[in-house]
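The values are calculated or read from the model by the stated rules, or taken from the named source; none is laboratory data. Keep in mind that this is a model prediction, so the values were computed, not measured. Positions of Cβ are generated from backbone atoms using ideal geometry, with glycine treated the same way; all protein chains shown enter the neighbour counts.
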Amino acid sequence: MVPERNKSDGDDLLAEVEQLSAVARRKFATQIAKQQRLITNLRGDLKKHGDPERWKRYGDLLLANAANAVRNGDHITVVDYFDTSTPSLEIAGDVNRSISEVAEDYFRRYTKARNGLKVIGDRLAAAEKAMSDAHAMLGKIDEAVASANIEFLSSLVAPKQKSRPPSRKRKIEAAFKGARRFVSSDGLEVLVGKKAVDNDYLTFRIARSLDLWLHAADHPGSHVVVRISGRKEIPNTTLLEAAQLAAFYSDARSQGKAAVRYTQKKFVNKPKRSAPGLVSLASFKTILVEPQVPKGVKLVGAD
């Protein structure tokens, strides 16, 4: 509690109010400047990512025109099937990379931009709110100065006391609801997550860095992990079977053919503050398969 003051202490009280308010104003002015810089940088990052739907469209068109695309240096001319008049469209692409490789680059760019828009959008909203709160606090400081509210001003300036750690640390983990367990034709274990939180647990708590990771492209669905069991490479049969499972346990199940992305788990990242099951891929390849539970795999259990 702040000690009571007599009227003779008026000058001292005024001086203390001015001192505390000056420190508090600097504190929140610094916060405002910091959030403003962050907002500027985040908006710049959004601009760099570009339009994710544009990159996906380019990737789809390159694959659709793989047989008839015309290359001229670092430019690829394709037929734009997304336009009803089917005009020609020129797409930039490294002359030293194949059409499919250039398409993969655009799909990778699409994934990065799509995930980036979500993450950066959330961070922008948080930064704008923090800056708004800091502006509001400057108004409260003015009110405190007018009423000589020493206690309030002191609470803004005084360092926060560190809370004592609890006597027992609680390990907070998302409940793992389980995964379907299969054995491939080559005898490798294939794990298929069930719900979004299961996908996160499977990918980031169960899978090892060199395990094979798969997911249906551009469709919600299960994360699929193939345990390598000491092997240096995944057999093609297991790759195909795992991809078919990833397509089957996704919203692409009803399609005749579905694209599935695969990579080593070490290239799978979790964007900050992203929704359960959402990941970004630093590197991946794509395989086109029929969604199904392959005859060669055996369901051995579901945790």
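Working only within the range 209-236, note down all residues that are of a type in the set (Gly, Ala, Ser), touching a helix residue (DSSP H, G or I) at 6+ places or on another chain (Cβ under 8 Å) and part of a loop (DSSP other than H, G, I, E, B).
Selection gives Ser209, Ala217, Ser222.
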Query raised in the report: When residues of the range 263-293 are filtered for being touching a strand residue (DSSP E or B) at 6+ places or on another chain (Cβ under 9 Å) and either among the small types (Gly, Ala, Ser) or in a loop (DSSP other than H, G, I, E, B) (or both), how many remain?
Result: 12
Query raised in the report: Yes or no: Val279 surrounded by 13 or more Cβ atoms within 10 Å (Cβ to Cβ), under 27 Å from His49 (Cα atoms) and modelled with pLDDT of 95 or more?
Result: no
Query - Single residue of the range 194-208 satisfying the filter (assigned to a loop (DSSP other than H, G, I, E, B) and in contact with a strand residue (DSSP E or B) (Cβ under 7 Å, 6 or more places away or on another chain)) that is farthest from Glu104 (Cα to Cα) - result: Lys194
Report summary line: Exactly one of Arg97, Arg109 is touching an Asp or Glu at 6+ places or on another chain (Cβ under 9 Å), of a type in the set (D, E, K, R) and surrounded by 12 or more Cβ atoms within 10 Å (Cβ to Cβ), and that one is Arg97
Query raised in the report: Does Ser154 satisfy being touching a residue at least 12 places away in the same chain (Cβ under 8 Å), among the polar types (S, T, N, Q), part of a helix (DSSP H, G or I) and within 30 Å of Ile287 (Cβ to Cβ)?
Result: no
Report task. Mind telling me which of the residues Pro220, Pro294 ends up being in the same structural domain as Gly193 (by TED's automatic domain parsing), modelled with pLDDT of 90 or more and surrounded by 15 or more Cβ atoms within 10 Å (Cβ to Cβ)? Result -> Pro294
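Can you name the residue in the range 24-35 that is in contact (Cβ under 8 Å) with a residue 24 or more places away in the chain and surrounded by 14 or more Cβ atoms within 10 Å (Cβ to Cβ) and, of all such residues, is farthest from Ser147 (Cα to Cα)?
So in the range 24-35, the residues in contact (Cβ under 8 Å) with a residue 24 or more places away in the chain come out as 24-25, 27-29, 31-32, 35.
Of the ones still in play, those that are also surrounded by 14 or more Cβ atoms within 10 Å (Cβ to Cβ) are 24-25, 27-28, 31-32, 35.
Numbers: Ala24: 16, Arg25: 16, Lys27: 20, Phe28: 20, Gln31: 24, Ile32: 25, Gln35: 29 Å.
Checked the range 24-35; the qualifying residue farthest from Ser147 (Cα to Cα) is Gln35.
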Query raised in the report: How many residues does the range 247-289 hold that are within 17 Å of Asp218 (Cβ to Cβ) and in contact (Cβ under 8 Å) with a residue 40 or more places away in the chain?
Result: 24
